[in-house]
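J.: Supplied in structure tokens, the structure appears directly below.
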Amino acid sequence: MLASTTFLRLRGTRYIHSMDDAVRVRPMTRDDAPKVVSYFRGLSRAALDDMGVDPAKLPRKRAWIELIQRDMNAPDAEREFFYLGWEAQGTLIGHTNINQIRFGKSAFMHLHLWEPSRRTQGLGTELVRQSVPIFVERFGLRLLICEPKADNPGPNRLLPKVGFKLVRSYRTSPGWIGYEQIVNRWEFLPESIPV
Ligand SMILES: CC(C)(COP(=O)(O)OP(=O)(O)OC[C@H]1O[C@@H](n2cnc3c(N)ncnc32)[C@H](O)[C@@H]1OP(=O)(O)O)[C@@H](O)C(=O)NCCC(=O)NCCS
């Protein structure tokens with residue numbers, strides 16, 4: 001978690017890093033990789049469809065875990081992915097990750113609260129609020145992009161609450177596991193200022 005003295009300014013609006021005792025954000029470790037893969041592999045077709053994921057594109061379990069763990073050994077400037085674990089009362093309840101990382105420039109962000117029963121209670125908003133400054137500072141990002149499926153209400157309602165701006169909607173196959181769909185492109189343009 002970042003120190004409380006860290007803040008970001010975005011397009012003139014001061015964005016104070018919020019500290020919340022109930023939830024915690026931390027970099028994921030090798031031991032967490034199977035949990036991320038189990039989450040995706042345990043999703044129903046309907047749940048995958050809600051987020052525009054093509055089940056046929058999901059890697060096999062072991063290969064996927066190894067891919068994530070191998071990437072964790074790389075220097076940040078060469079990382080393909082970077083995962084933050086989301087915890088509530090010490091329990092891992094989800095993750096957010098970036099990929100398509102252009103170190104010092106940009107990355108794409110993804111959001112997942114694993115249990116549907118934990119959603120729509122404000123946890124996602126708080127956890128993303130805490131996660132964004134970590135991605136931005138660690139990878140020197142000038143632009144953070146999130147492209148949820150246009151009809152997926154969770155991320156599309158959450159993102160403007162944490163400073164993302166809607167840029168456009170367009171048809172694409174987002175990421176490496178998505179099928180062709182209409183997405184909303186949300187962008188966060190940080191200006192990191194040490195206090
Ligand atoms: C996206 C996700 C992390 C959001 O977390 P969350 O804890 O549910 O979000 P919050 O409770 O902080 O809600 C943020 C806003 O979105 C709204 N919202 C969230 N899920 C919603 C849903 N299914 N339907 C309608 N509104 C929803 C909330 O009402 C809130 O808006 P409000 O403040 O105007 O009331 C979570 O829904 C999730 O993991 N979804 C499944 C995975 C997914 O689709 N990921 C996106 C891939 S990019």
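The values are calculated or read from the model by the stated rules, or taken from the named source; none is laboratory data. Nothing here was measured: the structure is a model prediction, and the numbers come from that model. Glycine gets a Cβ as well: all are built from the backbone with ideal geometry, and neighbour counts include every protein chain shown.
J.: Here is a list of conditions, (1) surrounded by fewer than 20 Cβ atoms within 10 Å (Cβ to Cβ); (2) more than 21 Å from Val36 (Cα to Cα); (3) at pLDDT below 95, and Pro190 meets all of them except one; can you say which number that is?
T.: Every listed condition holds for Pro190 apart from (1).
J.: Tell me which of these Gly175 doesn't satisfy, since it passes every other one: (1) under 14 Å from the mean Cα position of the chain (by Cα); (2) buried (at least 21 other Cβ atoms within 10 Å of the Cβ).
T.: That leaves (2) as the condition not met.
J.: So in segment 17-49, with the set limited to residues that are away from the ligand (no atom under 15 Å from the Cβ), exposed (fewer than 15 other Cβ atoms within 10 Å of the Cβ) and assigned to a loop (DSSP other than H, G, I, E, B), which one is modelled with the highest pLDDT?
T.: Among residues in segment 17-49 that are away from the ligand (no atom under 15 Å from the Cβ), exposed (fewer than 15 other Cβ atoms within 10 Å of the Cβ) and assigned to a loop (DSSP other than H, G, I, E, B), the one modelled with the highest pLDDT is Thr29.
J.: Inspect all residues belonging to segment 96-110 and state whether any of them is out of contact with any Leu (no Cβ under 8 Å at 6 or more places or on another chain), among the basic types (Lys, Arg) and within 9 Å of the ligand (Cβ to nearest atom).
T.: no
J.: Further, regarding this structure: Output the number of residues of segment 136-185 satisfying the condition of being at pLDDT 95 or above, of a type in the set (Phe, Trp, Tyr) and within 14 Å of the ligand (Cβ to nearest atom).
T.: Here the count works out to 2.
J.: Restricting attention to segment 100-112, does a residue exist that is farther than 25 Å from Tyr39 by Cβ and part of a strand (DSSP E or B)?
T.: yes
J.: Residue check: is Gln69 surrounded by fewer than 18 Cβ atoms within 10 Å (Cβ to Cβ) and at pLDDT below 95? Explain how you work it out, then say what you get.
T.: Details: surrounded by fewer than 18 Cβ atoms within 10 Å (Cβ to Cβ): yes; at pLDDT below 95: no.
Taking the combined requirement at face value, the residue does not satisfy it.
J.: Give the residues of segment 116-150 that are among the small types (Gly, Ala, Ser) and touching a residue at least 24 places away in the same chain (Cβ under 8 Å), sorted by residue number.
T.: Scanning segment 116-150 gives Gly124, Ser131, Gly140, Ala150.
J.: While we're looking at this one, here's another question. Any idea which of Gly52, Gly122 is within 16 Å of the ligand (Cβ to nearest atom), over 14 Å from the mean Cα position of the chain (by Cα), within 25 Å of Thr172 (Cα to Cα) and surrounded by 12 or more Cβ atoms within 10 Å (Cβ to Cβ)?
T.: Criteria check complete, one pass: Gly52.
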